[in-house]
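S.K.: To start, I am sharing the structure in question, which I have written as structure tokens.
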Amino acid sequence: MKKPSSSIRIKKPAGGKPAGPGALPGGVVFLAGLWAGVWQWLHPAGSLAPAILPIAAAAAALCLGLLVRWEKPGRLTALAAVLAAWLAWAVLCRNRLTAAAAALGNLAISRLLLQTGRYHPPYSGGGSVWPLVLTLAVLTGGVTALALRRRWPGFCLAVGLAALVLRLMGLLEGDWPLAVLLVGGLMCLLPRQGLGRQAMLAGLSLFVAAFCALVPLIPGLVPAQGNGVFLHRLRYESHPSPLPEGDLTRPHGSGSQTALTVTMDRWEPLYLRGFAAGEYTGRSWQPLEGEALAAQSDTLYTLQRDYFFPSTQVSAAWQDVSGGESRTVTVANAGACRQRLYLPYGAATDALDAADLAGEGGRVPADAVTLSVYPVEDSYLLQDALSRSGDDTPYRQGEAVYRQWVYDHYLTVPQSTYEALTRAFAPESDMTTTQAKAAVLAWLSQSVSYRQGASVSGGDIAAAMASGGQQGSDIHYATLAALLLRCCGVPARYAEGYVVTRQQAEAMVPGGTLTLTEQSSHAWTEYYLDGVGWLPFDAAPGYTDLVEYRLPENGPEGENGQGDTPVPDTPVQEREPEVVPEEEQPQDRRAEYVRNALLTLAAALALGLLALTVRALLGRRRLKQAAARYQDPDCRMGCGYILCAVHDLLGQPGLPEDPLSPEDAEDLVYLEREVWYSGHTMTEDQRRRCLALLESARRVWREQTPALRRFAARFITCKVF
């Protein structure tokens, strides 16, 4: 006989059911971290308080997306009507949205200039960013709600990985917004998934990613100058011994790896500059801060686009006076850092990029470049020729602007460093560059001894060496020479690259190719000669005679102080070093870094704990609502809900195959037949038997499940009441 069909249909929750309110806390935390990070990126020096508005807008859209039952008739139609109204508003207010987009784009351009040193022309117009920001916030809230409802774990994972990649590139701050974003992504990845193996692995992987981001990447554990170093080396450097790039605690490479190949039609000693930095921090040299470039970005871009590049200024000066005999030099990169070109002084080339402000146009991808190189040793003769020419040429106008920029930014000496240096080195007033270089060389020869690969400890390496009796390598000589020239009022900076020595040049035939290895890497000093540009000054023993400057007839016969008659290289304005107070100098404050890191980690964990608590409360509320259905007026319905709960409980991980006693198992079979297959009227006594069976299942689950798993099932996944 055919069994009667059941009068009820209770559909148990399926694993692919769309997420509901239980995913709300994780989504809110995720969006809070996302928009706090976006606002912090756009306004690095401003308050994060205005970020509350886009966070609130995104959270509101998320709540609507998760809490509204869109499957009901009319809901999707209403949503379409709202979207149509918004499109109509966007058409009517397109001018405001366009202005907001321009303002937002200009904020992004300014931020990218601070981070990368590249100039982008600003957008015309501009206005309030809020119409577009709030619109984008609502859009992100809606997309997040859709991803959570459809259980797309790849969405949160992709956003988290993108944030980590941007952080490794140095384009994203590693502050608490990143921590909140990753914690929110972890919460979104495991909404109501139980503690199965797949969920555990996914959660563990994201937790490891969050931990890796919180500890070494937030400002706290590592100095800011380390941002992007890993990806920089991975992208541009092919071997582990690159130039130190201003790091005075790490010597440059001394191995046999090939770095550059150089070809010349007439061989002479040559400096190939690849790195220059003007900000001394005590233990390193850093390029000028992005704020300094941003303050005059339009001027610097116009200078490089229409007048000359600082890295090729000497050749532009020669072309201005229509003098100088150039030679042809080809430089090919065979293993050195590929981020920048390695240009000799006096080079002329069209391969530079005017938008590259931080690298003075030299950060361009090129495996080889052929240059016309003008004589650097005649720079003082060139200065004399320029002084007799008119001031109305485009080059002279651009040089006057750039000279002021140089004097504003390349005379800075930290206060403690200045005091330590001037106690041992007393510069005279109104010294020319010739006299200043001679005084610096004389002091270094008496106070420092050269040793390749020497290391100097201390928070301020220059101050530690100022007392005398120290050993130093080329990076220390270059550091001291640059700072001492600044003390004399001569703009100077630190430089690194590769050197073709006199012995190497004399051994080559015209048109031959020389291979430079990492052993040819070197550090030296650059100083600014008014009207001409940056020139090399090498104070390291064995390198001081690579460039022998020829002076005008009214000057001394040698450059290194063999005469007393000043040359006409004194600038018009009075030259004094700019001493920066100690508190403004970046120091190695590792204790403060660690404290900031721990505070950020604690704040992220507290916020995550709060979000998990809210999620647990919502889950417990859902379980209470499910338990209320046990007392449904229809006994068959109530008993069906109870038996579903029994099966859910017995299906929890860790229980044996037959956890119930024989009596309870027999009672379960009987009640299931009555509820699902019989047409009998269900009674209150049968409801009480179902409740007693549920209590027996709970007791078995409590006895045979470890405490940690019981806690997770009750208060994290909220599977058990």
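The values are calculated or read from the model by the stated rules, or taken from the named source; none is laboratory data. Computed from a predicted structure; not experimentally measured. We place every Cβ from the backbone using ideal geometry, glycine too, and count neighbours over all the protein chains shown.
S.K.: Applying the selection to segment 502-519, what residues are of a type in the set (Gly, Ala, Ser) and either assigned to a helix (DSSP H, G or I) or under 42 Å from the mean Cα position of the chain (by Cα) (or both)? I'd like the intermediate steps shown before the answer.
M.R.: Residues of segment 502-519 that are of a type in the set (Gly, Ala, Ser), as a first pass: 505, 507, 511-512.
Result: Ala505, single match.
S.K.: Output the residues belonging to segment 404-437 that are part of a helix (DSSP H, G or I) and touching an Asp or Glu at 6+ places or on another chain (Cβ under 8 Å).
M.R.: Kept after step one, since they are part of a helix (DSSP H, G or I), are these residues of segment 404-437: 404-409, 415-424, 433-437.
Scanning segment 404-437 gives Gln415, Ser416, Thr417, Ala420, Thr433, Thr434, Gln435, Lys437.
S.K.: Then there is this: Only one residue in Asp545, Asp564, Asp569 is part of a loop (DSSP other than H, G, I, E, B), at pLDDT below 90 and surrounded by 19 or more Cβ atoms within 10 Å (Cβ to Cβ). Which one? Give the steps one after another, and end with the answer.
M.R.: Numbers: Asp545 fails: surrounded by 19 or more Cβ atoms within 10 Å (Cβ to Cβ); Asp564 fails: surrounded by 19 or more Cβ atoms within 10 Å (Cβ to Cβ).
Every option except Asp569 fails the conditions.
S.K.: Given the structure, is Gly359 touching a Lys or Arg at 6+ places or on another chain (Cβ under 7 Å) and assigned by TED's automatic domain parsing to the domain that holds Trp318?
M.R.: Details: touching a Lys or Arg at 6+ places or on another chain (Cβ under 7 Å): yes; assigned by TED's automatic domain parsing to the domain that holds Trp318: yes.
Yes, satisfied.
S.K.: Could you tell me which residue of segment 27-56 is surrounded by the most Cβ atoms within 10 Å (Cβ to Cβ), considering only residues that are out of contact with any Leu (no Cβ under 8 Å at 6 or more places or on another chain) and not aliphatic (A, V, I, L, M)?
M.R.: Selected residue: Trp35.
S.K.: Another question about this same structure. Does Leu352 satisfy the criteria of being assigned to a loop (DSSP other than H, G, I, E, B), of a type in the set (A, V, I, L, M, F, W, C), touching a Ser or Thr at 6+ places or on another chain (Cβ under 8 Å) and at pLDDT 90 or above? Write out each step before concluding.
M.R.: Numbers: assigned to a loop (DSSP other than H, G, I, E, B): yes; of a type in the set (A, V, I, L, M, F, W, C): yes; touching a Ser or Thr at 6+ places or on another chain (Cβ under 8 Å): yes; at pLDDT 90 or above: yes.
Spelling it out, Leu352 is indeed assigned to a loop (DSSP other than H, G, I, E, B), of a type in the set (A, V, I, L, M, F, W, C), touching a Ser or Thr at 6+ places or on another chain (Cβ under 8 Å) and at pLDDT 90 or above.
S.K.: Here's another thing I want to ask about it. Could you tell me whether Tyr301 is in a helix (DSSP H, G or I), buried (at least 17 other Cβ atoms within 10 Å of the Cβ) and out of contact with any Lys or Arg (no Cβ under 8 Å at 6 or more places or on another chain)? Break it down into steps so the answer makes sense when it comes.
M.R.: Numbers: in a helix (DSSP H, G or I): yes; buried (at least 17 other Cβ atoms within 10 Å of the Cβ): yes; out of contact with any Lys or Arg (no Cβ under 8 Å at 6 or more places or on another chain): yes.
When the stated conditions are applied, Tyr301 passes them.
S.K.: Only one of these is within 15 Å of His522 (Cα to Cα), among the aromatic types (Phe, Trp, Tyr) and either outside the structural domain of Asn106 (by TED's automatic domain parsing) or in contact with a Leu (Cβ under 9 Å, 6 or more places away or on another chain) (or both): Tyr307, Tyr271, Tyr236, Tyr301. Name it. Before the answer, list the steps.
M.R.: Numbers: Tyr307 fails: within 15 Å of His522 (Cα to Cα); Tyr236 fails: within 15 Å of His522 (Cα to Cα); Tyr301 fails: within 15 Å of His522 (Cα to Cα).
Among Tyr307, Tyr271, Tyr236, Tyr301, only Tyr271 is within 15 Å of His522 (Cα to Cα), among the aromatic types (Phe, Trp, Tyr) and either outside the structural domain of Asn106 (by TED's automatic domain parsing) or in contact with a Leu (Cβ under 9 Å, 6 or more places away or on another chain) (or both).
S.K.: State yes or no: is Arg702 more than 30 Å from Ala611 (Cβ to Cβ), out of contact with any strand residue (DSSP E or B) (no Cβ under 6 Å at 6 or more places or on another chain) and among the charged types (D, E, K, R)? Write out each step before concluding.
M.R.: Working: more than 30 Å from Ala611 (Cβ to Cβ): no; out of contact with any strand residue (DSSP E or B) (no Cβ under 6 Å at 6 or more places or on another chain): yes; among the charged types (D, E, K, R): yes.
Answer is no for this residue.
S.K.: Condition first: in contact with a helix residue (DSSP H, G or I) (Cβ under 7 Å, 6 or more places away or on another chain) and more than 22 Å from Phe721 (Cα to Cα). Can you find one or more residues in segment 685-701 that meet it?
M.R.: First, pick out the residues of segment 685-701 that are in contact with a helix residue (DSSP H, G or I) (Cβ under 7 Å, 6 or more places away or on another chain): 686-687, 689-691, 693-694, 696-698, 701.
Filter once more, so that each one left must be more than 22 Å from Phe721 (Cα to Cα): none.
Within segment 685-701, not a single residue is in contact with a helix residue (DSSP H, G or I) (Cβ under 7 Å, 6 or more places away or on another chain) and more than 22 Å from Phe721 (Cα to Cα).
S.K.: Given the structure, is Arg629 at pLDDT 80 or above and either among the polar types (S, T, N, Q) or assigned to a helix (DSSP H, G or I) (or both)? Don't jump to the end; show me each part of the working.
M.R.: Details: at pLDDT 80 or above: yes; either among the polar types (S, T, N, Q) or assigned to a helix (DSSP H, G or I) (or both): yes.
Here the answer is yes, as Arg629 does meet what is asked.
S.K.: Considering each of Arg493, Arg550 in turn, give the residue that is in a strand (DSSP E or B), in contact with an Asp or Glu (Cβ under 6 Å, 6 or more places away or on another chain) and either in contact (Cβ under 8 Å) with a residue 40 or more places away in the chain or within 15 Å of Arg250 (Cα to Cα) (or both). Please lay out each step first, then the result.
M.R.: Values: Arg550 fails: in a strand (DSSP E or B).
Being in a strand (DSSP E or B), in contact with an Asp or Glu (Cβ under 6 Å, 6 or more places away or on another chain) and either in contact (Cβ under 8 Å) with a residue 40 or more places away in the chain or within 15 Å of Arg250 (Cα to Cα) (or both) holds for just one of Arg493, Arg550, which is Arg493.
S.K.: Looking only at segment 79-123, count how many residues are assigned to a helix (DSSP H, G or I) and more than 16 Å from Leu42 (Cα to Cα).
M.R.: So the count comes out to 20.
S.K.: Does Thr515 count as among the polar types (S, T, N, Q), assigned by TED's automatic domain parsing to the domain that holds Cys487 and modelled with pLDDT of 60 or more?
M.R.: Working: among the polar types (S, T, N, Q): yes; assigned by TED's automatic domain parsing to the domain that holds Cys487: yes; modelled with pLDDT of 60 or more: yes.
Criteria met by Thr515.
S.K.: Here's a follow-up. When segment 143-189 is examined, which residues are found to be at pLDDT 80 or above, under 24 Å from Arg235 (Cα atoms) and over 14 Å from the mean Cα position of the chain (by Cα)?
M.R.: Once the filter is applied, which keeps residues that are at pLDDT 80 or above, under 24 Å from Arg235 (Cα atoms) and over 14 Å from the mean Cα position of the chain (by Cα), segment 143-189 yields Ala158, Val159.
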